[in-house]
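Everything on this sheet refers to the single structure shown next.
The values are calculated or read from the model by the stated rules, or taken from the named source; none is laboratory data. Keep in mind the model is a prediction, meaning the values are calculated, not measured. Please note: Cβ atoms are built from the backbone with ideal geometry, for glycine as well, and neighbour counts cover all protein chains shown. These area figures cover heavy atoms from the full protein model, side chains too; ligands, DNA and RNA do not enter into them. Shrake-Rupley method; radii C 1.70, N 1.55, O 1.52, S 1.80 Å.
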Amino acid sequence: PRVSCSESLMRITVVDYGMGNLRSVAKALERVAPDEEVVVTSDPDVVQSSDRVVFPGQGAMPDCMREMDARGLRSAILDAARSKPFLGICIGLQMLFERSEEGDVAGLGLLEGNVRRFPRNRMVDAEGRKLKVPHMGWNMVRQTHTHPLWEGIDQNARFYFVHSYHVVADTNITAAETDYPTPFV
């Protein structure tokens, strides 16, 4: 990713804790914010000094939590999520909640709610066809609250999903939902 020494640039940091698709996230950020500095780092000091933070991830929750802690990033991530624009992507979002069924592991506890596996016994669409887990494919996303994240993104825009677990939380803290087969964050 591009790194600049200019003080006038906003620094957008992608947190590297060894469990993410960092290059694609950094490239996407460079495309939507071409005049800003995009940095990929595992340095807690860089995370804390950034203007905006993106916390991506893929993999199993216990592994992600362990790798984040092994790099000394817990405090920097919690501080960033509380104090600046912060985007958790995939398991980077799931880690912000209290607990996950995946490995029965505690998350960061920043947000109330839990991460649960899609229940195999209820994975049937409206026509009675069995749905697969993991959920893979394009879904329309309903924006449930006005948020700067949605600027330039149409209501019911389609997003790609690949996951077996989903967040269960109070709807007043969520910005959007989709269905598989029932609504989820």
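Within the range 82-102, identify whether any single residue is more than 16 Å from V168 (Cα to Cα) and basic (K, R), and answer yes or no. Please lay out each step first, then the result.
Going residue by residue through the range 82-102, those that are more than 16 Å from V168 (Cα to Cα) are 82-87.
Filter again for basic (K, R), leaving 82, 84.
Yes.
Please work out which residue is nearest to the chain's Cα centre (by Cα), limiting yourself to the range 83-102 and to residues that are outside any strand (DSSP E or B) and farther than 15 Å from S164 by Cα. The extreme case among them is L96. Sub-6 Å Cβ pairs linking a first residue in the range 105-129 that is free of Cβ contacts under 8 Å to residues at least 40 places away in the same chain to a second residue that is among the charged types (D, E, K, R), at least 6 apart or interchain, are G109/E98, ordered by first then second residue.
Taking the range 32-53 as the range and being more than 24 Å from R74 (Cβ to Cβ) and under 19 Å from the mean Cα position of the chain (by Cα) as the test, the residues that pass are V32, A33.
Does S75 meet the test of being open to solvent by 50 Å² or more (accessible area, probe 1.4 Å), closer than 23 Å to W150 by Cα, over 16 Å from the mean Cα position of the chain (by Cα) and not charged (D, E, K, R)?
Working: open to solvent by 50 Å² or more (accessible area, probe 1.4 Å): yes; closer than 23 Å to W150 by Cα: no; over 16 Å from the mean Cα position of the chain (by Cα): yes; not charged (D, E, K, R): yes.
For S75, the condition - open to solvent by 50 Å² or more (accessible area, probe 1.4 Å), closer than 23 Å to W150 by Cα, over 16 Å from the mean Cα position of the chain (by Cα) and not charged (D, E, K, R) - is not met.
Select from the range 1-17 the residues that are surrounded by 13 or more Cβ atoms within 10 Å (Cβ to Cβ), at pLDDT 55 or above and not hydrophobic (A, V, I, L, M, F, W, C) and list them in ascending order. R11, T13, D16, Y17 - these are the residues of the range 1-17 that are surrounded by 13 or more Cβ atoms within 10 Å (Cβ to Cβ), at pLDDT 55 or above and not hydrophobic (A, V, I, L, M, F, W, C).
Going through the range 18-64 one residue at a time, which ones are in contact (Cβ under 8 Å) with a residue 40 or more places away in the chain and open to solvent by 20 Å² or more (accessible area, probe 1.4 Å)? Spell out the reasoning first.
First, the residues of the range 18-64 that are in contact (Cβ under 8 Å) with a residue 40 or more places away in the chain: 18-20, 25, 51-57, 59-64.
Passing the criteria: G18, M19, G20, D51, R52, G59, A60, P62, D63.
Selection of strands (runs of 3 or more DSSP E) fully inside the range 103-165 by the criterion of at least 1 residues being of a type in the set (G, A, S) and open to solvent by 40 Å² or more (accessible area, probe 1.4 Å) returns nothing.
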